[in-house]
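S.K.: Pasting a structure here, questions to come.
The numbers here are math on the coordinates, done by the rules we state, and not lab data. This is a predicted model, so every value here is computed, not measured. Neighbour counts run over all protein chains shown; Cβ positions are idealised from the backbone, glycine included.
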Amino acid sequence: MHIKRTKIYHSSNFSIYFGNKTDPKPSKAFGLIQTKLQAKSFTVFTQVHGTQGHLVSRKDSAKRTGDILLTCNPGCAIGVLTADCLPIIFYDPNNHACAIAHAGWRGTVAGVAQETVRLMHSSFRTDPSNLQVYFGPSAQVCCYEVDSGFSRYIEKQHHSTVFIFKNKKLFFDNAKLNHLKLCEVGVLEKNISLKHNVCTICDCSYHSYRRDGKSYGHQVTAVSLTEPRHNCSI
Ligand SMILES: [Zn+2]
């Protein structure tokens, strides 16, 4: 496995694409992403900040909603659009299956990360301790200011870990909360990569809803399996 000094992460079994602001608009970039990942199809659903997941076996053009996509089919790229929310990629090397989740704070609180692990276990017999997890670009605690009432949405035992007070303002660490929740369901801390988890608010090479307001755009994060998997019945 190696990491190129580009926004594409390659291994022998899968490729991950981390988009940024210099890429075309997502709707125009889908074909480009499919080519970059050497995929046969590319699927993105309408995201609703929930925990619903879908198995993807080929390009699904139906207007479906969901914040988790899963596949064990090589060449079926799956992706999410984000502008501050956290994109999370999951790879199970034992069963050669992958998933991607869209984790804004609402999805995080609703349990989208844990639900992805649960769906991978029920769909592919995934053992969480084998999962490789990659966090993409998202709003970070350096810039992600929330009002004081926001803390009511977060379990109290996590407050000291996921909130920081700075200049009398409260800042939220969404990536840390997802990290904690994944470890709670058996994902190993050493298997969670934060290398690509840069801050979309203070790094202007990324789109940010919180920084850009109504004129904000989206970046795409996508993953595709690159080798055949045996015993895939989907
Ligand atoms: Zn920042």
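S.K.: Run the numbers for residue 145 and residue 212: contour at 0.36 nm per residue of separation, minus the present Cα-Cα distance, in nm.
M.R.: Additional length available on full extension: 22.7 nm.
S.K.: Charges only on Cβ, +1 for Lys and Arg, -1 for Asp and Glu: so what's the dipole of the chain about the Cα centre, in debye to the nearest 20?
M.R.: Roughly 520 debye for the chain.
S.K.: Just list whichever of 21/214; 25/214; 169/195; 156/181 have alpha carbons separated by over 18 Å in the model shown.
M.R.: 169/195
S.K.: For an R0 of 45 angstrom, estimate the FRET efficiency from the Cβ-Cβ distance between residue 48 and residue 170 and round to the nearest 0.05.
M.R.: After rounding, the FRET efficiency stands at 0.95.
S.K.: Under a 5 Å amide H to amide H cut-off, with H placed in plane at 1.01 Å, what residues pair with residue 198 once short-range neighbours are removed?
M.R.: Under 5 Å from the amide H of residue 198: 138.
S.K.: Moving to a separate point now. Return 161, 35, 71 ranked ascending by Cβ neighbour count within 10 Å, so the fewest neighbours appear first.
M.R.: The most exposed by this proxy come first: 35, 161, 71.
S.K.: Now a separate question. Show me the three semi-axes of the equivalent ellipsoid for the stretch 1-121, from the C-alpha gyration tensor (sqrt of 5 times each eigenvalue), largest first, rounded to whole Å.
M.R.: 20, 17, 15
S.K.: How compact is the stretch 86-234 by the rule of thumb for globular proteins, expressed as Cα Rg over 2.2 N^0.38 Å?
M.R.: The stretch 86-234 yields a ratio of 1.11.
S.K.: Karplus couplings for the stretch 141-157 from phi (6.51 cos²θ - 1.76 cosθ + 1.60, θ = phi - 60°), rounded to Hz, Gly and Pro as x?
M.R.: Karplus values, whole Hz, x for Gly and Pro: 5, 5, 10, 7, 7, 10, 7, 4, x, 4, 4, 5, 7, 10, 4, 4, 5.
S.K.: A further question on this structure: Given springs between every Cα pair under 10 Å in a Gaussian network model of the chain, which of 173, 127, 212 has the largest fluctuation?
M.R.: The residue that fluctuates most here is 212.
S.K.: Hey, what do the phi angles of the stretch 100-106 turn into as Karplus ³J(HN,Hα) couplings, whole Hz, using 6.51/-1.76/1.60 and θ = phi - 60°, x for Gly and Pro?
M.R.: 9, 10, 10, 10, x, 5, 5
S.K.: Take the Cβ-Cβ distance between residue 203 and residue 11 as r, set R0 to 25 Å, and report the resulting FRET efficiency rounded to the nearest 0.05.
M.R.: Once the sixth-power term is evaluated, E becomes 0.50.
S.K.: Who wins for biggest fluctuation among 186, 136, 104 in a Gaussian network model of the chain, springs between alpha carbons below 10 Å?
M.R.: The residue that fluctuates most here is 186.
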